[in-house]
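The values are calculated or read from the model by the stated rules, or taken from the named source; none is laboratory data. As the structure is a prediction and not an experimental result, all values here were calculated from the model. No Cβ is skipped: glycine too gets one built from the backbone with ideal geometry, and neighbour counts run over all protein chains shown. Heads up: the accessible areas ignore ligands, DNA and RNA and are worked out on the full protein's heavy atoms, side chains in. Shrake-Rupley method; radii C 1.70, N 1.55, O 1.52, S 1.80 Å.
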Amino acid sequence: MGAVLALLVAPLAGGAVLALVGHRRYGPEVNAAFSAVTFCAAALLVERVIEEGSISVLEEQFFVDSLNVFLVALTAFVSMTTSLFSRPYMRIERSHGRVSDAGMRLYHAMYQLFCFTMLLVLTTNNLGVMWVAMEAATLTTVLLVALYRTHAALEAAWKYFILCGVGIAQALFGTILVYFAAERILGSGMTALLWTHLDSVKAGLEPTVMSIAFVFLLVGYGTKVGLVPLHNWLPDAHAEGPTPISAVLSGLLLNVALYALIRFKVITDGALERPFAAALLTGFGLASVVVAAFFLSRQRDIKRMFAYSSIEHMGLITFAFGMGGPVASFAGLLHMTVHSLTKSAIFFTVGHATQKSGTQLMEGIRGLVRVSPALGWGMMLGAVAILGLPPFGVFASEFLILTTAIAQQPWAAPILLVSLGVSFAAIFGRVQAMVFGETSGSPTPSRLPQRPALTTVFAHLALVLLLGLYIPPYLVDWYRRAAQLIG
């Protein structure tokens, strides 16, 4: 219980402390310190799960197994590195007058509370608490998206709140239907909402009720994942919020929402004894890949372009989990990992590139490799990695997904290949121009008052490169056990 308690208490306490001192000179360091403590607690939890297997604490209200402890570790790590990146980034924003003292307090406090809500979603065994935590994650990120208080930021935050609020209401109705189906077997009370109990009796759940419930759950949590056609909030939220929030939204929150869907998929397919939920995930995942790929070529804002890239990759992961089986589920988990690491690294470079250029429009960002070689090469390597070129880990996961699609869903493989090709052309051409293009006609890049935190960029990309060249045996075993839980 100690590791789970420390994991949740650290960011919750951090939010309370930073609400008071987040505007101080040392506020960013306090934020990073609390994130580091959270990561250490996650590492202790991982060690315990490896030694003991699945654990259940606090009268089964919290449950940790190979599937969610993997996401807990990933969430804690990326949250920590993002807090390190945000130290100079937010100080530069403050020096430019974009954030006030109150804004800095709000940013740091909500950042920690956002991490708390994501970790609560991942560790709770109670599907009702999972819904509450997901709604709390929406509320905290709405405040972060609106941080700059511009017309565009407020509009994006309002759009995010309305769309995800309506979506999460559908998820609540789906959760109620699951409880209704479970009550007949498990009786009334909290037991009928515990995932471990639902999983043990899933074959006895009413198939009709569960199929209807999963449709509502897919609409609700699928909105948070950014699946087409429920994705409209995502590009605006990424474009208008602070770049560190874009990194954690893209790299973490989408994973957490998809995790909730996966948990419900397991019990739904078990109740129906046919791949109803899997078929829905396959269809929505494929549609997301296709639509996002063709929207990429129309973007002029760099953050919106990579937001659509996130929709594409989450669609690919959803498609993999929809296909199911040991290889596809393994590939989906691997792609979750490498996408989170790569996309957050890309947003780190994007944040400092837009600060130096004074614009988010791609035609105004040119010659980064001459202005700042580390920044330029970081963006170029991040783009190469996210586009799935070898030897980066994204290539390995996409290769596994495509080969499995050829074997299981041969009709979908050409659609995936064409979509990935369109994405490659759209992103590679734009990034190459920003990194190596001529600076004539573009604004003169400004010197930043703080040294950019680019170490986190290359640390993430090094991990993605390692996962493309060699996956440690213990990590392979970890993914395999998690894939077995998914089915």
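Miscellaneous remarks
- Summing Lys and Arg as +1 and Asp and Glu as -1 over all other residues whose Cβ lies under 12 Å from the Cβ of ILE55 gives a net charge of -4.
- P(r) tail fraction, region 1-151 - alpha-carbon pairs more than 23 Å apart, %: 36
- One quarter of the surface of the convex hull around the alpha-carbon atoms of region 10-82 equals 5.2 nm², the direction-averaged projected area.
- When the P(r) of region 1-50 is calculated, the portion above 12 Å amounts to 60% of the C-alpha pairs.
- For region 56-67, 3J(HN,Hα) computed residue by residue from phi via the Karplus equation (6.51, -1.76, 1.60; θ = phi - 60°) reads 10, 9, 6, 6, 6, 6, 10, 9, 10, 10, 5, 6 Hz, glycine and proline entered as x.
- For MET362, net neighbour charge (Lys/Arg +1, Asp/Glu -1) across residues whose Cβ lies under 11 Å away: +3
- In terms of accessible area, using a 1.4 Å probe and ignoring ligands and nucleic acids, GLU438, GLU60 rank largest first as GLU438, GLU60.
- Relative compactness, region 186-272, computed as alpha-carbon Rg over 2.2 N^0.38 Å: 1.33
- Fully extending the segment from ASP477 to ALA102, taken as 0.36 nm per residue of separation minus the present Cα-Cα distance, adds 130.4 nm.
- Over all pairs of different C-alpha atoms in the chain, the reciprocal of the mean inverse distance, the Kirkwood hydrodynamic radius, equals 22.4 Å.
- Cβ-based net charge around THR191, under 14 Å, with every Lys or Arg adding one and every Asp or Glu removing one: -3
- Put TRP233, TRP478 in order of accessible area, highest first, and with a 1.4 Å probe you get TRP478, TRP233.
- Against the empirical curve 2.2 N^0.38 Å, the C-alpha radius of gyration of region 102-146 lands at a ratio of 1.19.
- Cα gyration tensor shape for region 243-360, rounded if a/c is under 1.5, else prolate or oblate: prolate
- Residue order by solvent-accessible surface for ASP301, ASP477 is ASP477, ASP301, largest first, with ligands and nucleic acids left out and a 1.4 Å probe.
- For LEU286, solvent-accessible area (1.4 Å; no DNA, RNA or ligand), Å²: 10
- For a straight C-alpha distance cut-off of 27 angstrom, the lysines reachable from LYS159 (same-chain residues fewer than eight places away being disregarded) are LYS224, LYS303, LYS343.
- Straight-line reach from LYS202: taking Cα to Cα under 18 Å and skipping same-chain neighbours fewer than 8 places apart, the lysines in range are LYS265.
- Computed over all pairs of different Cα atoms, the Kirkwood value for the hydrodynamic radius of region 232-291 is 13.3 Å.
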